[in-house]
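Throughout, read-outs are computed from the coordinates displayed, never taken from laboratory work. Here the structure is a predicted model, which means the values were calculated and not measured. A quick note on method: Cβ atoms are made from the backbone with ideal geometry, for glycine too, and the neighbour counts reach across all protein chains shown.
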Amino acid sequence: MTTTPYTSPIPVRRAHLGDAIASEWTKMRSLRSTLWTLGVMVVLVLGLGVLLAYAIGEASASPDAYEGGSVLTLGLLGMLLATVCVITLGVLTITSEFGTGMIRTTLTACPSRGRVLTAKAIVFFALVFVTTTLVSAFTAAAQCAVLGTTGGASAGQWIRVTVGVGLFMAFLGLLSLAVGALLRHSAGSITTMIGLVLLPYVLAIGLYTRELNDLRTALVEYSIPALLGTLYTGGPVGGMPMPSGWQPLWIIMGVTAVALAGAYTALDRRDA
Amino acid sequence: MIELEGLTKRFGTKTAVDRLSFTVRPGMVTGFLGPNGAGKSTTMRMMLDLDAPTSGTVRIDGRHYRELDEPLKYIGALLDAKALHGGRTAYHNLLCLAQSNRIPERRVGEVLDLVGLSAVARKKSKNFSMGMGQRLGIAAALLGDPRILMFDEPVNGLDPEGIHWIRNLMKHLATEGRTIFVSSHLMSEMALTADHLVVIGQGKLLADMSMADFIQRNSRSYVRLRTPQRELTRDVLASAGLTAVDAGDGALEIDGESTERIGELLAEHRVVLHELSAQRASLEEAFMQMTAGAVEYHAHDGAGPQWGADVKGA
Amino acid sequence: MIEAVRLTKRYGAKTAVDDLSFQVRPGVVTGFLGPNGSGKSTTMRMILGLDRPTSGRVTIGGHPFRELPNAPRQVGALLDARAVHGGRTARSHLLALAQLAGIPARRVDEVLGVVGLQDVARRRSKGFSLGMGQRLGIAAALLGDPQVLLFDEPVNGLDPEGILWVRNLMKALAAEGRTVFVSSHLMSEMALTADHLVVIGRGRLLADMSVREFIATNSAGFARVRTPAGEPEQREKLVAALTGAGGFVLSEPDGALRVTGLPLPRVSDLAHDAGVRLWELSPHQASLEEAYMRMTQTAVDYRSTDDRLAELGPVPEQPPVVPDVPLEGWYAPPPPAPVPVPAPAAPPVPAGAAAAPAASGGPADADRAGGGGPQQSRTHESSTEDAR
Amino acid sequence: MASVPAVLRSEWTKIRTVASTVWTLAGALVVTVAVGAGLSALMRAQFDNLPEFERATFDPTVISFSGMVLGQLAMVVFGVLVVGTEYGSGMIRTSLAAVPQRATFLFGKVTVAGLLALAVGLVTSFLSFFVGQALLGEHRTSIGEENVLRAVIGGGLYMGLMAVFSMGVAAMLRSSMLSLGILVPFFFLVSQILSAVPGAKEVARYFPDQAGSKIMQVVPNAMGQDPAPYGPWGGLGIMLLWVAAALAGGYVVLKKRDA
């Protein structure tokens, strides 16, 4: 039974990370749920931001109240709700592959787990970063226009609430993606991430004794909503030696890096 | 007994089932064949009154499905093995069906035993493999010990042992005088199971006849012959006005004559035979012949890329 | 070429694949058979590097899958046709896979044409029928125009035309010099498609041989012989001659003889010598299914036999006279299974049997056929209920 | 016709053998009681800070029911899932093959699920009331006061009807996700927001939740709420009309559409 092995006329070339990125981008844009989730996020941030600006503009007539860039903090409310969208999208990017069994097809087409995860992470990060940065900038500009003042916000503040927030949200999404890769279950991963966002507050209510006061404050200060808030306000809220300025970004980057490392190891070791 | 009379179903402008009339009789296994999109599923759904016919009627033992008191005791159906709630255990899925038709609870354990699922009766059915889901669907069909049974692709996902089992089960149920109506795409499986065939294509009835008739009418049959005395044989046959065609593997093929006649003929001339057998085409060949032209998704031949040197050079 | 060497996979205490070694060669279609739970899927997953072997290794063209330089261009696989994201269109799904493997986008439209899905290429795969999903899965496997192809139950959900197409496709792929490895539960389909078989049971290799060899070793073929009707002395002469030559002769319902233990030409010679004219002399090869059933008898993990089932199936005891069934339909009685479990449900059959459809079918049906109405049949149901 | 008791038994088995029943109903109870208790405690602490007219029309019964805004959502989920999962899983085909009479099937299901929801609703409402009153301290009322028993029983009726209304809607839409996607935002956002907008208020007060919740008020126009053109029983009647309309719609869809 000697047969000449088949050779394909399609030119063979080694696939690389660029191919995987193109593939992940196709996957991302071909799903309606991506569009919906990001659409809801944009509407939430922009809509709530502008509504809030109107409401405040009606309430207080004096534009002087927004000195020191505090006008920019009005975007925080919408962005807090947007975290839910980003978390959902990040988790679903990976868990929907596990849920449908698509992951097996993907890994058959590209046996290098690392490349698949890297491509997913890059595409997702870029998408969220660009979307969030743009929508933050638009929202902030719209709010300033509604209130008729920029409140003298410095360039540094502007960069922090646009690029800074964009990066923070992208890393938060990446963290969700890593958690999704570790848990492989959509509902479980989303619940875990939402829990991660809200749990510090629930715990803080439970720790209602004076001795644990510091722990409680720390829990709240290092919670994700508070870190996001710090990026908007710029300073520690409670006047304690807590994260300020760009520090929230370094914190979430560290956490995400650890989770991603775990995801890489898990994807490589476990049976698909 | 299931009687269809002028059954028609239109979805918008598309006619899925077109004036279909036939009777499924008890005491045998009736196979229901047709290419994808021929309207088989729609027909089966109308039989169970899940879809309302545009016109025409279906009668189950002379009555409309909706007039049946406790339908599971008349007719059991396996349409889609996944048509059960995955969050419920196998046992409870069957129990709620049994209760709705006043079938005693112990029957649930019995049918689970029967299909070999007792060990997983208390497991949620969403974790079942395809074969287990199929067995659960069969259990549901058997629940009311009905006189009429309908199976849509019953062997889907079953392993050979399971396929063997369901085949024998259906034959046995038919010998008990029940009406068995089975649809399947697996011709080789049908050939082993069904006694009678109903074939539809593009919603219209193409054939309603026994398996043997169907194969005979839709394909060639011939006699196959092997002998060490080929030339002598050819001469003998030629003298009787028969042409022997070379089959390629050393055998000869003769059209239009019975083995008996050829046997006698060759014995007269003392020809030594190594084989003398009647060949009938398979059900699959007969089916392909009949339904050619009634197929929806045509695949191309060949799988390799259709491009040639231009890409190689690129 | 796929090569497994002492491949083993354990999940906790359960050994799914046990010291499995085999080779799948190019140029032929190799069938992969085994009962449910025999470790087929696990083996396929290990071939594709989705599961890691506990010990041993499996290589494709000499490399483990995960170390192949161009895996998707060398190996294509259809594991589970439902393993696609339903929200994506058929084309986007294939495009993503093509891009991942560095395959030009026009190949996507090509394979869509090959499997006949070009008209629904831009529909979301959520709405696909089982058969269409299967075609999409086959398209994905063909995408890289690979040298090695793996298919798990490729004809699932396809209609007869599709089944025929897949069968011819596999053969054509093998004829081009590719390695084609197909697992399936449909023996009749396998018999038509595969040239070579790898059979496993309980994770162990049971057979690795050609289909012909497999059937020959695992079942007995026989010759069907018919003598002129209305001349019983011819028949008796032949029976005596055949038995005298060491053959074993059984009578078939239509008067033909079933002869085992003698090759066809020998039967012919004996008839010739005895001066018996033959009306039929046909060889009967046992089916692949029969051979398979015999081989895997003890290796089935998950079987539906119990006392009632035995009643339903005509399996248990074959009468001495061969039953009246068409040639394909006959099964040799499977050798009595070793029956390791002492079947606890067996004793109370007489009473309990009334509940099984097999038994209750008789009286209940007679009742219904006689009386007709549902009222009656229902009272019958409840009265048997009370009796129990 | 198919035996109605048999269908009821069957539906009861269906409901009690899925996990979502326990989760949604327990959720409705816990959320309603907990939020009600929390707000009652808050009111007791803040009572002296309330505006004069609010103190004058203070309705302790309504306060102890304030968790129902959230708890009713769990009831909506329960009602939607009871009907919606039949379609989602394909079970509907098996069910209708077993009980081909559409009316018997649908109303059997609604009866069983509705009675269960009503029972849980009544327990929730009594529990909310007693826990809430206990936490209200000196501002509490008692079950024996005029109209209070009516309000408490009405609270249970309201929750039960909410579930039945959702079942009707799910039967019309034949999908859990679609039904939840419409009902939850409607009750949680649209209805609440419209009732605060001057012009839309006139319409919003005829919505099932707005009209039905009137039954829980003991003090008319309590705490600055707008007077409605109907009384507590009138409100419940309006809600009943909504429920009847939803069920009729669901029945027509089930009867006319192919399963």
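Of D:L241, D:L161, D:L118, which is the most mobile in a GNM of chain D whose springs link Cα atoms less than 10 angstrom apart?
D:L241
Taking 22 Å as R0, compute the FRET efficiency from the Cβ-Cβ separation of C:M209 and C:Q285 and round it to 0.05.
Once rounded, the FRET efficiency stands at 0.90.
Provide the percentage of antiparallel DSSP beta bridges, counting only those with both residues in the protein assembly as shown; round to the nearest 5. Display every interim value, and only then the final one.
Details: 66 of 100 bridges.
So the antiparallel bridges in the protein assembly as shown amount to around 65 percent.
At a Förster distance of 41 Å, what's the computed FRET efficiency of A:L134 paired with B:S129, Cβ-Cβ distance as r, to 0.05?
Given R0 = 41 Å and the Cβ-Cβ separation, E is 0.30.
In debye, nearest 20, what is the charge dipole magnitude of the range A:83-218 about its Cα centre with +1 on Lys and Arg Cβ and -1 on Asp and Glu Cβ, if you could check? Present the calculation step by step, with values, prior to reporting the outcome.
Details: 8 positive and 3 negative charges, 66 e Å.
Taking the Cα centre of the range A:83-218 as origin, the dipole is about 320 debye.
Peptide B:41-47: average number of partner chain Cβ atoms within 10 Å per residue?
1
If you fit an axis through the alpha-carbon atoms of helix D:148-173 and take the longest principal axis of the Cα set of chain D, what angle between them do you get, 0 to 90°, nearest 10?
40 degrees
Starting with the fewest neighbours, write out A:Y222, D:Y87 ranked by other beta-carbon atoms found within 10 Å of each beta-carbon.
Details: A:Y222 16, D:Y87 19.
So the ranking, lowest neighbour count to highest, is A:Y222, D:Y87.
How many nm is it between the label spots at B:E231 and D:Y230, if each spot is 7 Å from the Cα in line with the beta carbon?
So the two model labels end up 10.6 nm from each other.
Largest first and to the nearest Å, give the Cα extent of the range D:4-256 along each principal axis.
63, 38, 28
Rounded to the nearest 20 debye, what is the charge dipole size of the range B:220-281 about its Cα centre when +1 sits on each Lys and Arg Cβ and -1 on each Asp and Glu Cβ?
Computed charge dipole of the range B:220-281: roughly 100 debye.
Could you tell me the center-to-center distance, by alpha carbons, between the range B:192-222 and the range C:1-78 in angstrom?
42 Å
For n ≥ 4 DSSP H runs only, could you compute -39500 (n - 2.57) per run for chain A, divide by its residues and tell me the 222 nm figure to the nearest 500?
Taking each H run of at least 4 residues, the total per residue is -24500 deg cm²/dmol.
Hey, can you list the DSSP H helices of chain A whose Cα span along the axis is 30 Å or longer and whose average Kyte-Doolittle score is at least 0.5? Walk me through the numbers on the way to the answer.
On the way: long enough: A:32-59 (39 Å, 1.62); A:76-100 (35 Å, 1.78); A:113-147 (50 Å, 1.48); A:247-269 (34 Å, 0.97).
Flagged H segments are A:32-59, A:76-100, A:113-147, A:247-269.
If we count every other residue with Cβ under 12 angstrom of D:F207's Cβ, Lys/Arg +1 and Asp/Glu -1, where does the sum land?
That sum, taken over residues with Cβ under 12 Å, equals +1.
Mind giving me the nanometre distance, one decimal, between the label points for A:E58 and C:A172, set 7 Å out from Cα along Cα→Cβ?
Once both label points are built, they end up 7.0 nm from each other.
Could you tell me which residue out of A:G39, A:S223, A:L89 lies farthest along the dipole of chain A toward its positive end? Charges go on the beta carbon: Lys and Arg +1, Asp and Glu -1, centred on the Cα centre.
Value computed over the given set: A:L89.
Could you work out the local net charge near D:K14, counting Lys and Arg as +1, Asp and Glu as -1, over the other residues with Cβ closer than 11 Å to its Cβ? Let's see the in-between values first.
Details: positive: B:R88, D:R9, D:R16, D:K109; negative: D:E11, D:E86.
With Lys, Arg at +1 and Asp, Glu at -1, the net is +2.
Tell me whether the range B:133-195 comes out rounded, prolate or oblate; compute the Cα gyration tensor, take square roots of the eigenvalues as a ≥ b ≥ c, and use a/c under 1.5 as the rounded threshold.
oblate
Let's test this: bin the Cα-Cα distances of the protein assembly as shown at 20 Å from zero up to the farthest pair and state each bin's percent.
9, 31, 35, 18, 6, 2, 0
Along the Cα→Cβ direction, 7 angstrom out, place labels at B:A119 and C:T243. What is the inter-label distance in nm?
4.7 nm
Rounded to the nearest 5, what % of DSSP beta bridges with both residues in chain B are antiparallel?
65 percent
By counting other Cβ atoms within 10 Å of each Cβ, how are C:K237, A:K27, C:K9, D:K256 ranked from fewest to most?
D:K256, C:K237, C:K9, A:K27
Run the Debye formula on the Cα coordinates of the range B:220-281, all scatterers equal and no solvent, and tell me log10 I(q)/I(0) at q = 0.11, 0.18, 0.20, 0.26 1/Å.
Each listed q corresponds, in turn, to -0.19, -0.53, -0.66, -1.20.
Any of B:K123/D:K14; B:K9/B:K82; D:K109/D:K256; C:K9/C:K171; D:K14/D:K214 with alpha carbons more than 23 Å apart? Name them for me.
Table pairs above 23 Å Cα-Cα are B:K9/B:K82; C:K9/C:K171; D:K14/D:K214.
Report, in degrees rounded to the nearest 10, the 0 to 90 angle that the Cα long axis of helix D:176-185 makes with the longest principal axis of chain D.
Approximately 20 degrees, to the nearest 10.
Hey, got the dipole for the range B:2-216? About the Cα centre, +1 on K and R Cβ, -1 on D and E Cβ, debye to the nearest 20?
Here the size comes out at about 620 debye.
How large are Rg and Dmax for the range C:2-216 when calculated on the C-alpha trace, in angstrom?
Taking only Cα atoms of the range C:2-216, I get Rg and Dmax of 16.8, 49 Å.
What share of all Cα pairs of the range B:2-216, in percent, falls into each consecutive 10 Å distance bin?
P(r) for the range B:2-216, in whole percents per bin: 8, 34, 37, 18, 2.
Mean shadow of the range D:29-103, computed from the convex hull of its alpha carbons, in nm²?
It is 7.5 nm².
Sum -39500 (n - 2.57) across every DSSP H segment of at least 4 residues in chain B, then divide by the residue count to get the 222 nm mean residue ellipticity, nearest 500.
That comes out to -10000 deg cm²/dmol.
Inside 10 Å of the C-beta atoms of C:174-181, what's the mean count of C-beta atoms belonging to other chains? Walk me through the numbers on the way to the answer.
Working: counts 2, 2, 9, 6, 7, 3, 0, 0.
Averaged over the peptide's residues, the number is 4.
Can you give the net charge of the other residues whose Cβ lies under 13 Å from the Cβ of B:F214, counting K and R as +1 and D and E as -1? Write down the numbers at each step before the final one.
Values: positive: B:R217, B:R280; negative: B:D195, B:D208, B:D213, B:E284, B:E285.
Residues close to B:F214 contribute a combined charge of -3.
In a Gaussian network model over chain D where Cα atoms closer than 10 Å are linked, find which of D:S40, D:S195, D:S166 has the largest mean-square fluctuation.
Evaluated over chain D, the most mobile residue of the options is D:S195.
Can you give the helix-only mean residue ellipticity at 222 nm for chain D, where every DSSP H stretch with n ≥ 4 adds -39500 (n - 2.57) and the sum goes over all residues, rounded to the nearest 500 deg cm²/dmol?
One gets -24500 deg cm²/dmol as the mean residue ellipticity at 222 nm.
Using r as the Cβ-Cβ distance of B:S55 and A:A155, and R0 as 60 Å, what FRET efficiency do you calculate, to the nearest 0.05?
0.20
Return the average number of partner chain Cβ atoms within 10 angstrom of each residue Cβ along peptide C:46-55.
For peptide C:46-55, the averaged partner shielding equals 3.
Say the dipole of chain D comes from +1 at the beta carbon of Lys and Arg and -1 at that of Asp and Glu; which of D:T111, D:S176, D:V7 then lies farthest toward its positive end?
D:V7
For the protein assembly as shown, build the charge dipole from Cβ charges (+1 Lys, Arg; -1 Asp, Glu) around the Cα centre, then report which of C:S219, B:N36, D:L29 sits farthest towards its positive end.
Toward the positive end, the furthest listed residue is D:L29.
List the aspartates and glutamates whose Cα sits under 18 Å from the Cα of B:K14, skipping any in the same chain fewer than 8 residues away.
Answer for B:K14, where 18 Å is the Cα cut-off: B:D51, B:E296, C:D119, D:D258, listed by chain and number.
Which one of B:L112, B:L20, B:L68 has the biggest mean-square fluctuation once chain B is modelled by GNM with Cα springs under 10 Å?
Highest fluctuation among the options: B:L68.
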